[in-house]
Amino acid sequence: MLNVGKLNEGFVLDHIQAGKAMSIYRDLKLDKLDCCVAIIKNARSEVMEKKDIIKVECDIETLDLDILGFIDCDITVNIIKDGEIVEKKELNLPDTIENVIKCKNPRCITSIEQELKHVFILTDKERKIYRCKYCEEKYGEKR
Amino acid sequence: MRHLMSPLDFTVEELDEILDLARKIEAHPEKYAHVCAGKKLATIFYEPSTRTRLSFEAAMMNLGGNVLGFSSAASSSAAKGESVADTIRMVSCYADICAMRHPKEGAPLVASLHSSIPVINAGDGGHQHPTQTITDLLTIKALKGRLGSLTIGLCGDLKFGRTVHSLIHALSRYHDVTFVLISPEELRIPGYIREEVLDAKKIKYKEVVRLEDVMPELDLLYMTRVQRERFFNEEDYVRMKDFYILDKEKMKLAREDMLVLHPLPRVNEISVEVDEDPRAVYFKQVQYGVYARMALILTLLGITVE
């Protein structure tokens with residue numbers, strides 16, 4: 001198996017569904033960071049057969065990982081300090097999601113005003129329902 | 001400072017206060033004739049509307065205030081590409097309160113986020129139309145004397161009709177309300193209203209196709225228009241538009257104190273012969289719309305009258 005060096009401080013996002021690492025890279029805006037990021041695709045996994053892993057070497061305060069709870073609650077987030085795992089972060093659904101997903105309602109004001117942020121609000125925690133802040137369209141609803 | 005985006009922005013108690021104020025205005029309009037002297041209402045309408053805009057303007061004039069605004073996107077800076085945020089910043093410098101209609105859903109909310117004056121949503125696409133809902137509630141309260149313990153028939157286009165969705169939301173907050181949902185199969189109430197409002201709040205309701213069968217049990221019948229613009233093909237529209245026509249014969253089946261409401265404009269879903277029936281209150285509803293908007297303007301401007 002391909003080896004990527006050990007982190008001194010940062011995060012390891014493990015158990016990402018195979019093939020999803022690049023979209024998470026974009027959603028977490030890792031391209032904007034000036035630090036070392038390793039993406040491992042299709043790593044062997046006993047449980048998942050194949051999985052993706054992302055390693056980010058940065059100050060642990062730098063990243064807002066809440067969005068991961070929305071993307072996939074099963075991702076494991078290991079927080080590394082001084083080369084050791086100091087915490088396994090539990091993922092929760094964020095209350096709001098900003099500029100990650102887009103409202104697909106053609107009647108929504110965001111469809112004509114390009115500068116507006118796309119904001120979704122968690123309206124039903126149990127059923128994981130997010131609605132557009134402006135038009136209240138449910139995210140993922142088939143039109 | 002408060003805005004009005006959805007009828008649920010107000011608590012039941014706050015809504016009751018607005019309805020009570022509207023009733024006081026109805027009883028003594030002269031007391032309120034000058035209370036907004038020196039105040040200006042901006043009606044910024046990005047799409048045509050006769051009733052709502054005139055109702056807002058009449059409401060402000062009845063309060064002694066002035067009105068300014070535009071009545072289509074073509075006659076505003078929107079045609080030049082100005083954003084809603086910039087428009088409301090500009091309007092905030094000219095007026096004390098603003099009523100906005102926009103074809104895009106959520107546009108008034110965007111305005112409220114950038115405004116230094118109260119913004120009233122005067123209809124945003126198929127989303128919300130809170131002043132119509134407050135008008136409906138006021139009409140029911142004034143003519144029935146209560147908002148609870150009612151069996152309400154909603155008839156026609158229950159799928160796309162935003163007034164129906166808002167009214168269900170608003171009335172579901174009152175005690176012992178039963179809905180009878182009367183529509184053709186294709187225009188039934190959307191699943192999310194059934195699940196998130198009716199089932200979630202354990203509201204009694206039933207869905208039927210034939211209006212005649214349920215007429216005798218209704219305290220109120222809220223008729224709606226089937227809107228041509230909601231259909232992709234003309235054939236479906238033509239078939240649906242004549243599905244329900246309320247006429248004298250059907251009115252014979254109703255209770256003597258049942259009321260017929262309609263948000264207007266009507267096309268042919270209520271036969272003109274019904275207009276003479278004292279139970280047909282849809283034109284009174286228009287008058288209540290002015291009182292409701294007067295009460296709302298006073299509330300949002302924080303003006304109290306002893």
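What's the center-to-center distance, using Cα atoms, between the range B:224-280 and the range B:176-195 in Å?
The distance from the Cα centre of the range B:224-280 to that of the range B:176-195 comes to 17 Å.
About its Cα centre, how strong a charge dipole does the protein assembly as shown have in debye, to the nearest 20, once Lys and Arg get +1 and Asp and Glu get -1 at the Cβ?
Using Cβ point charges on Lys, Arg, Asp and Glu, the protein assembly as shown gives about 600 debye.
Taking 0.36 nm per intervening residue step and subtracting the Cα-Cα distance, what contour gain separates B:Glu30 from B:Glu256 on full extension?
Result: 78.0 nm gained on full extension.
Whose amide H sits under 5 Å from the amide H of B:Leu4, counting only residues 5 or more places off or on another chain, with H placed in the peptide plane?
B:Val119, B:Ile120, B:Asn121
Residue by residue, what Karplus-based ³J(HN,Hα) values in Hz, rounded to whole numbers, does the range A:118-133 have, using 6.51, -1.76 and 1.60 with θ = phi - 60° and x for Gly and Pro?
8, 10, 10, 10, 6, 9, 9, 5, 4, 9, 6, 9, 10, 10, 4, 4
To the nearest 0.05, what FRET efficiency results for B:Ala74 and B:Thr50 with a Förster distance of 25 Å applied to their C-beta separation?
Details: r = 17 Å, r/R0 = 0.66.
The calculated FRET efficiency here is 0.90.
Would you mind calculating the relative contact order of chain A from Cα pairs under 8 angstrom and at least 6 residues apart, reporting the percent as a whole number?
Computed over chain A, the figure is 21 percent.
Have a look at the DSSP beta bridges in the protein assembly as shown and tell me what percent are antiparallel, nearest 5. Please report the intermediate quantities before stating the final value.
Values: 33 of 69 bridges.
Expressed as a percentage, antiparallel bridges in the protein assembly as shown total about 50.
What is the set of long-range amide H partners of B:Ile97 at a cut-off below 5 Å, with H atoms built 1.01 Å from backbone N?
Distant-sequence amide H within range of B:Ile97: B:Lys40, B:Ala42.
Can you quote the Å³ per residue value for the convex hull of the Cα atoms in the range B:158-306, rounded to an integer?
Taking the convex hull of the Cα positions in the range B:158-306, it is 154 Å³ per residue.
What ranking do B:269-282, B:98-111, A:75-88 get when scored by the average of other Cβ atoms within 10 Å per residue, highest first?
Per-residue Cβ counts within 10 Å, averaged per peptide and sorted highest first, yield B:98-111, B:269-282, A:75-88.
How large is ³J(HN,Hα), in whole Hz, for each residue of the range B:271-280 in order, when computed from phi with the Karplus curve 6.51 cos²θ - 1.76 cosθ + 1.60 and θ = phi - 60°, using x for Gly and Pro?
So the Karplus estimates, Gly and Pro as x, are 5, 4, 5, 7, 4, 6, 5, x, 7, 7 Hz.
With a ≥ b ≥ c taken as the square roots of the eigenvalues of the C-alpha gyration tensor of the range A:1-99, please select rounded if a/c is under 1.5 and otherwise prolate if a/b is larger than b/c or oblate if it is not?
In terms of gyration-tensor shape, rounded.
Taking only C-alpha pairs under 8 Å that are 6+ residues apart, what is the relative contact order of chain B in percent?
Reported relative contact order: 19 percent.
Which aspartates and glutamates have a Cα less than 16 Å from the Cα of B:Lys250, not counting those fewer than 8 places away in the same chain?
Within reach: B:Glu212, B:Asp213, B:Glu217, B:Asp219, B:Asp242, B:Glu269, B:Glu273, B:Asp275, B:Glu276, B:Asp277.
Between B:Asp236 and A:Lys6, what is the spin-label point distance in nm, taking each point 7 Å from the Cα along the Cα→C-beta axis?
For the pair B:Asp236/A:Lys6, the computed spacing is 6.4 nm.
Go ahead and run the numbers for FRET between B:Glu17 and A:Arg44, Cβ-Cβ distance against an R0 of 56 Å, rounding to 0.05.
Calculated value: 0.25.
Evaluate 2.2 N^0.38 Å with N set to the residue count of the protein assembly as shown, then give the Cα radius of gyration divided by it.
Compared with the compact-globule rule of thumb, the protein assembly as shown sits at 1.19.
Among the listed pairs A:Lys102/B:Lys201; A:Lys32/A:Lys88; B:Lys141/B:Lys248, which have their C-alpha atoms separated by more than 28 angstrom in this model?
Those over the limit are A:Lys102/B:Lys201.
Under 16 Å from the 7 Å Cα→Cβ point of A:Glu115, by amide nitrogen: which residues of the range B:53-96?
So the set is B:77-92.
If you average the alpha carbon positions of the range B:42-95 and of the range B:139-170, how far apart do those two centres end up, in angstrom?
For the range B:42-95 versus the range B:139-170, the Cα centre distance is 28 Å.
In Å, what is the Rg of the alpha-carbon atoms in the range A:49-116, and how long is Dmax?
16.3, 51
Would you be so kind as to identify all helices of chain B, as entire DSSP H runs, whose Cα atoms reach 18 Å or more along the helix's own axis and whose mean Kyte-Doolittle hydropathy is at least 0.5?
Numbers: long enough: B:12-27 (22 Å, -0.08); B:130-144 (21 Å, 0.20); B:282-301 (28 Å, 0.80).
Membrane-span-like by this criterion, though nothing is claimed about a membrane: B:282-301.
What are the ³J(HN,Hα) values, in whole Hz, obtained from phi via the Karplus relation 6.51 cos²θ - 1.76 cosθ + 1.60 with θ = phi - 60°, for each residue of the range B:190-205 in sequence order, with x given for Gly and Pro?
Result, ordered by residue: x, x, 5, 5, 4, 6, 7, 10, 5, 5, 4, 9, 6, 7, 6, 7 Hz.
If the viscosity is 1.567 mPa s and the temperature 4 °C, what translational diffusion coefficient in µm²/s does Stokes-Einstein give for chain B when Rh comes from Kirkwood over Cα pairs?
D, rounded to a whole number, is 65 µm²/s.
Can you tell me what share of the DSSP beta bridges in the range B:1-152 is antiparallel? A percent to the nearest 5 is fine.
On the way: 1 of 16 bridges.
Roughly 5 percent of the DSSP beta bridges within the range B:1-152 come out antiparallel.
Values quoted throughout were computed directly from the atomic coordinates according to the rules given, and no laboratory measurement underlies them. What you see is a predicted model; the values in this text were computed from it and never measured. Positions of Cβ are backbone-derived with ideal geometry, glycine not excepted, and every protein chain shown enters the neighbour counts.
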